[in-house]
Amino acid sequence: MKNDYINIKIHIFEENHDLAMGVFQDYDFCGIEEDLDFLIVTFVDKVYENLDFNIIINDLQNFAPETNIISIEKISDKNWNEEWESHVQPVFVSDRITITPTHKLDEINSDIKIIIDPKMSFGTGHHTTTRIMCKLMETIVKPNSNWIDVGTGTGVLAILAIKLNAKYVYAFDNNEWSIDNAAENIYKNNVNNQIKLELADIDSAELFDCDGIAANIFLNLAVPSLSKFKKAVEKNNGDILISGIMIYDEKIILEEAEKNGLRLIQKLIEDEWLAFHFKCKE
């Protein structure tokens with residue numbers, strides 16, 4: 001039986017998207033598309049009819065007071081599937097790396113093809129923070145190295161590390177729905193034997209002595225986590241890669257890195273976003 005769907009377009013600043021995902025994980029949604037300062041959340045119409053969306057908006061406004069509904073649109077089953085699939089197109093990260101949905105795989109000739117079939121756009125490579133993190137990893141991940149992927153989302157960074165010849169990745173996320181999505185993508189890329197996936201947050205995750213950490217997270221998580229990241233890479237003189245930082249917050253993250261004995265090796269800038277490569281000071 002075919003269903004109709006409801007698209008709710010919500011204005012919410014981009015730095016609050018990660019927290020918004022935590023709110024929506026408690027509801028039976030079909031997909032989330034992200035763009036600059038708004039989300040489009042899709043529900044089956046019968047599910048939406050049983051929701052009090054005012055409660056959801058109030059929950060979002062607790063940490064993002066500017067949140068409001070821009071539009072609500074009803075669309076047919078066929079149109080929604082076609083629309084979602086059309087949005088998830090291949091992303092050419094570099095000459096070597098392409099992130100692609102399964103339905104476009106045969107069209108890709110890149111050396112490294114990462115298959116991502118998401119239910120949300122974050123982690124597909126369309127988001128700036130994912131792309132610039134992938135660009136850093138391409139030059140930094142060494143063969144037979146061990147990595148930690150903090151806030152794995154769709155699993156894209158963990159998968160890329162293995163395809164760059166890392167030996168092992170511990171990937172975790174505090175969103176159960178993201179873990180399910182990551183598990184599917186890891187399996188599709190045939191790297192499940194080299195990636196340990198776990199439901200955990202930064203406080204509860206047990207970080208081991210590793211060669212590198214890839215953390216595509218927002219500032220409010222990155223700042224208090226730098227000391228924990230440093231401890232994990234210190235023994236192996238490893239690399240800390242952090243994305244998800246807006247250009248307006250560069251001074252904050254650099255000052256915190258300095259306090260924790262980290263030196264900046266490299267930074268990438270794209271649009272309003274930054275990615276950093278840190279190492280421990282000698």
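The values are calculated or read from the model by the stated rules, or taken from the named source; none is laboratory data. For clarity, every value in this text was computed on a predicted model and none was experimentally measured. Because the Cβ atoms are built from the backbone with ideal geometry, glycine has one as well, and the counts that use them run over all protein chains shown.
Counting just the residues of segment 70-94 that are part of a strand (DSSP E or B) and surrounded by 14 or more Cβ atoms within 10 Å (Cβ to Cβ), which one comes out modelled with the highest pLDDT? Checking each candidate, the answer is F92.
Among the candidates F53, F38, F43, the residue that is buried (at least 20 other Cβ atoms within 10 Å of the Cβ) and outside the structural domain of I179 (by TED's automatic domain parsing) is uniquely F43.
Taking the listed residues A171, A161, the one that is farther than 16 Å from V93 by Cβ, among the small types (G, A, S), surrounded by 19 or more Cβ atoms within 10 Å (Cβ to Cβ) and under 18 Å from the mean Cα position of the chain (by Cα) is A171, with no other qualifying. Evaluate the following for D37: is it acidic (D, E), within 23 Å of the chain's Cα centre (by Cα), on the phi > 0 side of the Ramachandran plot and at pLDDT 80 or above? Yes; evaluated as a whole, the condition is true for this residue. Considering only residues of segment 162-221 that are of a type in the set (F, W, Y) and not in a loop (DSSP other than H, G, I, E, B), which is modelled with the lowest pLDDT? The qualifying residue modelled with the lowest pLDDT is W177. Beta carbons closer than 6 Å, at least 6 apart along the sequence or on distinct chains, pair a first residue in segment 223-246 that is among the aliphatic types (A, V, I, L, M) with a second that is surrounded by fewer than 15 Cβ atoms within 10 Å (Cβ to Cβ) for M246/E272.
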